[in-house]
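Heads up: the structure comes next, in structure tokens.
The values are calculated or read from the model by the stated rules, or taken from the named source; none is laboratory data. The model shown is predicted, which means the values in this text are computed figures rather than measured ones. Note: ideal-geometry Cβ built from the backbone for every residue, glycine included; neighbour counts use all protein chains shown.
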Amino acid sequence: MLAQIQTTVGLIYPPACLSCGGAVDRHAGLCGPCWRDTAFIGGVVCDSCGIPLPGGSEGEVSHCDGCLAHPPPWVQGRSAFLYADTGRKMVLALKHGDRQEIAKPAALWMARAFRGKLPAETLVAPVPLHWQRLVKRRYNQSALLGRALARETGLAWCPDLLRRVRKTASLDGKSRIERFEILQDAICAHPKRQHLMLGRPVLIVDDVMTSGATLFAAARACIDAGAGPIRVVTLARVAKDT
């Protein structure tokens, strides 16, 4: 009976590419051209920010020059793909196009970026939106990703571990220094959830890493609240030379 229902649904709503809408073999997938046009991150990466690095051997711990000069407050960072071409289209569709179905396959790609090396006791939490922006957008794309990632990995999930206590200006077009200044003291731990992360590893989830300013503010809020080692993961990563 279930198989018949699935077949009927498949006939009415045939699988379509997440990016272009073209025909694919199964739901929540990418067609061949869109897959090839998505810059999935693999090989040697910076262990702190997840940016691809030239040379080296896969599996070795390496760091980019930027993270060596200015170490972030988290112990590891990863991203599924670069913020370009099809990857950029999917992020924007999730963030502004109400394409919430992208979160589930995105979570699988993000989980693969960590290769199963997340501590079992890790608490997953999203970068928060200010309540006014949340009302306007209706959902927090980082929370959608975080919830799907927690389900994919079997890790604990807390959607309101952090709060955005100050409405900040858009970061678009801002320099790295300006981004950090804008986000300073904008995020804090939820006073009723703070106990959940005491001494516990936390994985902070966001859609895109650019300068890292938002993740930096979120990580500092967790550390100030007594959390254990912080890790961060994003669906996409802006290349440092763009």
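Within the range 144-178, the residues that satisfy the criterion of being in contact (Cβ under 8 Å) with a residue 60 or more places away in the chain and either in a helix (DSSP H, G or I) or β-branched (Val, Ile, Thr) (or both) are Leu145, Leu149. Return only the number of the condition from (1) closer than 24 Å to Ala221 by Cβ; (2) of a type outside the set (Asp, Glu); (3) at pLDDT 95 or above; (4) touching a Cys at 6+ places or on another chain (Cβ under 9 Å) that Val127 does not satisfy. Looking at each condition in turn, Val127 falls short on (4).
Of the residues making up the range 63-106, those that are out of contact with any strand residue (DSSP E or B) (no Cβ under 6 Å at 6 or more places or on another chain), assigned to a helix (DSSP H, G or I) and under 16 Å from Gly50 (Cα atoms) are Asp65, Gly66, Leu68, Ala69.
Being more than 12 Å from the chain's Cα centre (by Cα) and crowded, with 18+ Cβ neighbours inside 10 Å is a description that does not apply to Leu134. If you check Ala227, Ala213, Ala219, Ala189 for being within 20 Å of Gly50 (Cα to Cα) and at pLDDT 95 or above, only one passes: Ala219.
Would you pick out the residues in the range 158-172 that are closer than 14 Å to Pro191 by Cβ, surrounded by fewer than 18 Cβ atoms within 10 Å (Cβ to Cβ) and not charged (D, E, K, R)? Listed by number, the residues that qualify are Cys158, Val165. Filtered by the rule that a residue be on the phi < 0 side of the Ramachandran plot and assigned to a loop (DSSP other than H, G, I, E, B), the range 196-220 gives Arg200, Pro201, Thr210, Ser211. Taking first residues from the range 91-112 that are over 13 Å from Phe40 (Cα atoms) and touching a residue at least 60 places away in the same chain (Cβ under 8 Å) and partners that are buried (at least 22 other Cβ atoms within 10 Å of the Cβ) and among the acidic types (Asp, Glu), the Cβ contacts under 8 Å between residues at least 6 apart in sequence or on separate chains come to Val91/Asp207; Leu94/Asp207; Lys95/Asp207.
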